[in-house]
Structures are given as C-alpha cells and as structure tokens.
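*Asks:* I am attaching a structure below and will ask some questions about it afterwards.
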Amino acid sequence: MKMISGLILAAMLSAGVMAQGMTGEPPALPTPGAAPAPAPMPSMPPTPPSAVVPTAPADLTPPAATNKSTKAASAKKKTKKKAASAKKPVNNTVTEIKPAAPLIVNEPAVARQNNVNVRGKANINSEVVMHLKEGETVTVLEEITLKNPKTDEPTKWAKISLPPSAHVWVNSSFLDANKAVKPVKLNLRTGAGENYSVIGLLHKGDTVKEVSTKGDWSEIEAPTNAFAFVAAHLLTHKEPGSEPAVVAAVTPPPAVPPTVPSVVDATPTVTPPTEPPAAGNPPAMPTPPAVPIVVPTVPAPLPPPVVDEPPPKRVVEREGIVRGTVSIQAPTHYQLQSLDDGKVINYLYSTSTNLVMKRYNGRTVLVTGEEGLDERWPNTPVITIQKIQVVE
C-alpha cells in the first residue's frame, strides 16, 4: 500500500514539473490526506493575431495589376494612341514662306504679293511711285545692298525698270511746243517739285507724252530708261518655263498606201564582178576631211563713259513784298511774301555787298534770280538775286 502511494506521489510530482515547465507556475503541493487532483491539461500555445489587411480609402483608385497581360495591354493602347496622333493632321497657324529665288540682273522678276511699293530711292522712307500686283513682271537692272540699314529696313533692294503704266514728272519750262526736250539733259522726278527724287534722264530732242500738268510741272508716261527701287525680298526670279506653253495642233499626214508593182520580175539581178586595178596603177587614196580654221574674235572696244552734266540753272522771276524773317533758323534775313495771301514765296539771298536789302523792306518788288532748295527748308526755295526792281 505504501508502495502504491509512493508511486502515485511520484507521478503527481512529475506531472507538476511538466506543467510548471509549460505554464511557468510552480506546482501546487498536495495536501496530505486529500484526494489527488487530476493532472491539468497542457495549455496550447496562443494563436498569433491575424494579419491586418489595410483597406484603401474610398476616394483613391486601387493600384493597377502588374501582371504581364495587363502590361502588354497597356503598351498596346499606348502604341494605338501614338499611331492615331501621327495620323491626325496638325493645324499650324504660322504659314511657312519659302525663300525667294536669287534675282538675276537684266532678267525678268515677278512680284510675290499684292500692293508691292515701288520707291524713288533704295530707302524705306522715300516716296512711293506706284504699286505692283502679285505676279506682275518687271526687269531687274541692279541689286543694291545697304551698308547701314535702319531698323526694320530691308538690306537688299532691286533697281528695276519702271513699267510703261507708271508716270513721272518733268519741268514744263524745258519742253517746247511739240513736247520735245530743249536742254542737253532733263531730269525725270517722282513728283511735281525739285525736292523729289531723280529716277532717270531725258536728252535733247526726246519727245514725251503728257498726261496732266500741275503748275510748272508736267506728268508724263515713263520712258524706257526710267527706274525705281523695290525691296528684293518682295520679288522672285521668273523662270523661263513658268508660263504655260501653247501647243499647236499638229495634223497627221495622210496615210500613203504602199506601192505594189503590177508585174513581178522573176529574173534574178546579177551584179558584175569588180575588175581588179590595172598593173602599175596604185589604188586611189581617200581624200582626208578638211580641217576648219578657227579665227579668234576680237572684242569690240567699250564706248567712252558718259559724263553726267549738271542740270541747267533754274532762273525765275517773282513778284511780292519784302519782309524780314522771324525765325532765327531761316537761311536768310529777308523773305518774299505773296501779294494775294501774304504767304512766304521765297527767301531772298544776294552775294553782292552793294545790295542793301534793308532799303526794300516793306516794298513791292520784282525779283529775278536763280531758284534752289535749302536742306533745312525743303518746302520754301531760296532765290539768289540777280536783279531786283521796285514796283510802284
């Protein structure tokens, strides 16, 4: 009996040791005389907490799948978008202007647009003679390059022959009754006045066709030697084959039927044998071709250069009242006023020291002398007095 109790006690002790090793608590000692408590069941290891999967907010788009099929579909969509964008025409607002072909001297050129200004000088501020329409043809005489162009001013200009439709001006006093030029040379100008640009010359005996008159000036049709200037970028060289060729209708010749002989000659043609050359006579040698003789051409001598003679002096006769000038920038101290409206006609100037202009102040005079323009006063000419006479 004692032996059985000892075995039970030993089993209980060993179970308690095992429970302590698993739970970490010391085994409870059995109370003497009490019934042995049942061995506690070994506790199972705690279940680890389940992994918490974060949920995306409702306003965010979940990430796209990254598998191969999804990537391939995305790449295919991008390829289609690129192809569609490549096929779609692009509408650019800026129109590219092709550069004009270089101009050739003494060759025709055409205007590239409408209302092209034709000016009296190679200057953006010079007076406009006429306008060219798009496609209108002119002849280029020279191409000029400005050394110091102004702001927004073309660097290259084309000197052209004025078309027959253009009009120029000459001084009527140098034309006779038959509209022929009286002096050796006469200037062609862009307007009715000596302050306008010179765009050509007429020679003694040349006749003009008058269109209208304005005071002492006549508007005439432009002669063949009149010229003007156009910005070079507004012209383009006219190619020789640019105009459509006129093809003449060609009538085919009538068909001629082949000639058929009426009688067929069945006798064969026998060619006689060639006789050998006689003994002692060598065969004739072929005549060599004649060699042409080239005679060098001597260029003709150049004509002597034309010396540009100065234009004739303009001598006029004016009547008016002598008054002292008010402005300190006036070219002279005295001026000639009109008898009708009191406006200034001319400034009075004299190189003679014996002429005292103060004596004529306020008096009506008749002045004869050479008339010209001063750079500071381009609208009012100056008379160099040759003769002055008081009018009573």
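The values are calculated or read from the model by the stated rules, or taken from the named source; none is laboratory data. From a predicted model like this one, the values you see are computed outputs, not experimental measurements. Here the Cβ positions follow ideal geometry from the backbone for every residue, glycine too, while neighbour counts run over all protein chains shown.
*Asks:* Do we have any residue at all in the range 128-143 that's among the basic types (Lys, Arg), in contact (Cβ under 8 Å) with a residue 12 or more places away in the chain and in a strand (DSSP E or B)?
*Replies:* Within the range 128-143, not a single residue is among the basic types (Lys, Arg), in contact (Cβ under 8 Å) with a residue 12 or more places away in the chain and in a strand (DSSP E or B).
*Asks:* Are any residues in the range 343-392 closer than 14 Å to Thr325 by Cβ, among the charged types (D, E, K, R) and at pLDDT 80 or above, and if so, which ones?
*Replies:* Lys343, Lys358
*Asks:* Being surrounded by 13 or more Cβ atoms within 10 Å (Cβ to Cβ), under 30 Å from Thr380 (Cα atoms) and either modelled with pLDDT under 80 or not assigned by TED's automatic domain parsing to the domain that holds Leu373 (or both): is that true of Pro331 here?
*Replies:* no
*Asks:* Let me ask something else. Report, ordered by the first and then the second residue, all pairs with beta carbons closer than 8 Å, sequence separation of six or more or different chains, a first member in the range 367-392 that is in contact (Cβ under 8 Å) with a residue 60 or more places away in the chain, and a second member that is among the polar types (S, T, N, Q) and outside any strand (DSSP E or B).
*Replies:* Close Cβ pairs satisfying both conditions: Leu373/Asn195; Pro378/Asn195; Asn379/Asn195.
*Asks:* Could you say which residue among Glu134, Glu142 is in contact with a strand residue (DSSP E or B) (Cβ under 8 Å, 6 or more places away or on another chain), over 16 Å from Thr207 (Cβ atoms) and surrounded by fewer than 14 Cβ atoms within 10 Å (Cβ to Cβ)?
*Replies:* None of the other options fit; the residue is Glu134.
*Asks:* How many residues are exposed (fewer than 15 other Cβ atoms within 10 Å of the Cβ) and at negative phi if we restrict to the range 347-363?
*Replies:* Within the range 347-363, residues that are exposed (fewer than 15 other Cβ atoms within 10 Å of the Cβ) and at negative phi number 10.
*Asks:* Continuing with this model, one more query. For the range 310-331, which positions are in a loop (DSSP other than H, G, I, E, B) and closer than 16 Å to Gly362 by Cα?
*Replies:* Of everything in the range 310-331, those that are in a loop (DSSP other than H, G, I, E, B) and closer than 16 Å to Gly362 by Cα turn out to be Thr325, Val326.
*Asks:* Any idea which residue in the range 160-180 is surrounded by the most Cβ atoms within 10 Å (Cβ to Cβ), counting only those that are more than 41 Å from the chain's Cα centre (by Cα) and aliphatic (A, V, I, L, M)?
*Replies:* In this case the residue turns out to be Leu175.
*Asks:* A further question on this structure: Could you list, ordered by first residue, the pairs with Cβ atoms under 6 Å in which the first is in the range 293-319 and at pLDDT below 65 and the second is among the polar types (S, T, N, Q), at least 6 apart or interchain?
*Replies:* Pairs that qualify, where the first residue is at pLDDT below 65 and the partner is among the polar types (S, T, N, Q), are Pro311/Asn187.
*Asks:* When you go through (1) out of contact with any Pro (no Cβ under 9 Å at 6 or more places or on another chain); (2) at pLDDT 90 or above one by one for Asp206, which number turns out not to apply?
*Replies:* It is condition (1) that Asp206 fails.
*Asks:* Follow-up. Please determine, by comparing only the residues of the range 146-159 that are free of Cβ contacts under 8 Å to residues at least 12 places away in the same chain and under 18 Å from the mean Cα position of the chain (by Cα), which one is surrounded by the fewest Cβ atoms within 10 Å (Cβ to Cβ).
*Replies:* Thr151
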